[in-house]
Amino acid sequence: MTICENIEIVTKRINAAKMRADRTDEVNLIAVSKRQSADKIREGIESGIRMFGENRVQEAAMKWGDLKKVYPNTELHLIGALQTNKVKEAVQLFDVIQTLDRPKLVNALAQEMERAEKRIPCFIQVNSGKELQKSGVMPEDVAQLVSYAKERHVDVVGLMCIPPVDQSPEPYFADMQRMGASLKLPCLSMGMSGDYETAITYGATHIRVGTAIFGEREE
Ligand SMILES: *Cc1c(COP(=O)(O)O)cnc(C)c1O
């Protein structure tokens, strides 16, 4: 299968899932290009993909420095953990940050966005399964972090989660949907190659699909 064919398949499945869920609003497909070559990314862009996700600032800077010049209309989402010492570079490079998960990071981002005069929409990453090894704010602390960010003029547009790998994602997606609605946040980033159709049922507005588009990642 070529990347173009994969995108066609994923797009058809997205549309079918939207139909089943009776949804006519937008589901944004973010092609996760971490550990994929610039050539594959180009193929994705030429096949109509506009939004991409990367999980490492350094790797993204290496690949996207040039790509962004050739394709300025692409929208780059940070979907991996962000350390405060990488905030400056992240604000330069990314159009959306999906992994806001602690007050210290809010402060660093608020300061850098003001300095750079660039306001980047952010998602709060929720540790939906309360897993010790995962980043993300605990579900019971989400409301507080959203307020904290808004008070510092950080533009919080939605919630993002990566549910536990070994369980059905449905209860976690349902929790996120409830949480997003109660906080009046318009966006929900959830669903990956294995479960994006389920995520669409629970209101995902942004799905993050890697291997189903690009194939296996490089080591
Ligand atoms: C790698 C990654 C994805 C994509 O996973 P696939 O299973 O390849 O679709 C989505 N979201 C995050 C946060 C990731 O790190």
Exercise for the section: Could you work out how far apart the two model spin labels at residue 174 and residue 37 are, taking each label as a point 7 Å from the Cα in the direction of the beta carbon, and quote it in nm? Expected result: 4.5 nm
Problem - Net charge over other residues, Cβ less than 9 angstrom from the Cβ of residue 145 (K, R count +1; D, E count -1) - result: -1
Fill in the blank from the handout: Using alpha carbon centers only, the range 153-202 is separated from the range 83-110 by a whole-angstrom value of 21 Å
Exercise for the section: Please report the orientation-averaged projected area of the range 112-171, defined via the convex hull of its C-alpha atoms, in nm². Expected result: 4.9 nm²
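Just check the range 1-64 against the gyration tensor rule for me: Cα atoms, a ≥ b ≥ c as the square roots of the eigenvalues, rounded for a/c under 1.5, and otherwise prolate or oblate depending on whether a/b exceeds b/c. Before the final figure, lay out the partial values.
On the way: a/c = 3.09, a/b = 1.82, b/c = 1.69.
Prolate, because a/c is 1.5 or more and a/b exceeds b/c.
Test of understanding: what is the full-extension gain from residue 50 to residue 144, defined as 0.36 nm times their sequence separation minus their Cα-Cα distance? Spell out each step's value before the answer.
Numbers: separation 94, 0.36 × 94 = 33.84 nm, distance 3.25 nm.
So the extension gain works out to 30.6 nm.
Could you line up 99, 211, 201, 2 from fewest to most neighbouring Cβ atoms inside 10 Å? List each step's numbers first, then the result.
Numbers: 99 22, 211 14, 201 19, 2 10.
Ordered from fewest to most neighbouring Cβ atoms within 10 Å, 99, 211, 201, 2 come out as 2, 211, 201, 99.
Would you kindly state how much longer the chain becomes between residue 81 and residue 211 on full extension, computed as 0.36 nm times their sequence separation minus their alpha carbon distance, in nm to one decimal? Working shown, then result.
Details: separation 130, 0.36 × 130 = 46.80 nm, distance 1.98 nm.
Difference between extended and current length: 44.8 nm.
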Problem - Cα-projected label distance for residue 2 with residue 62, points at 7 Å along beta-carbon direction, nm - result: 2.8 nm
Problem - Cα centre as origin, Lys/Arg/Asp/Glu Cβ charges: the range 67-129 dipole, Debye - result: 140 debye
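When the Kirkwood hydrodynamic radius is evaluated over all pairs of different C-alpha atoms of the chain, what value in angstrom, to one decimal, is obtained?
Working: mean 1/r = 0.0570 Å⁻¹.
17.6 Å is the Kirkwood radius here.
Report relative contact order for the chain in percent, whole number only (criteria: Cα-Cα under 8 Å, sequence separation at least 6). Please report the intermediate quantities before stating the final value.
Values: 388 pairs, mean separation 48.1, N = 219.
The value is 22 percent.
Order of 128, 147, 189 from fewest to most other C-beta atoms within 10 Å? Intermediate results must be reported in sequence, preceding the final value.
On the way: 128 25, 147 12, 189 28.
So the residues, fewest neighbours to most, are 147, 128, 189.
Could you list 166, 101, 95 in order of exposure, starting from the residue whose Cβ has the fewest other Cβ atoms within 10 Å? Write out the running numbers ahead of the final one.
Values: 166 6, 101 24, 95 15.
Fewest-to-most ranking of 166, 101, 95: 166, 95, 101.
Where a number appears in this text, it was derived from the coordinates with a stated rule and is not lab data. Since this is a predicted model, take the numbers as computed values, not measurements. Note: ideal-geometry Cβ built from the backbone for every residue, glycine included; neighbour counts use all protein chains shown.
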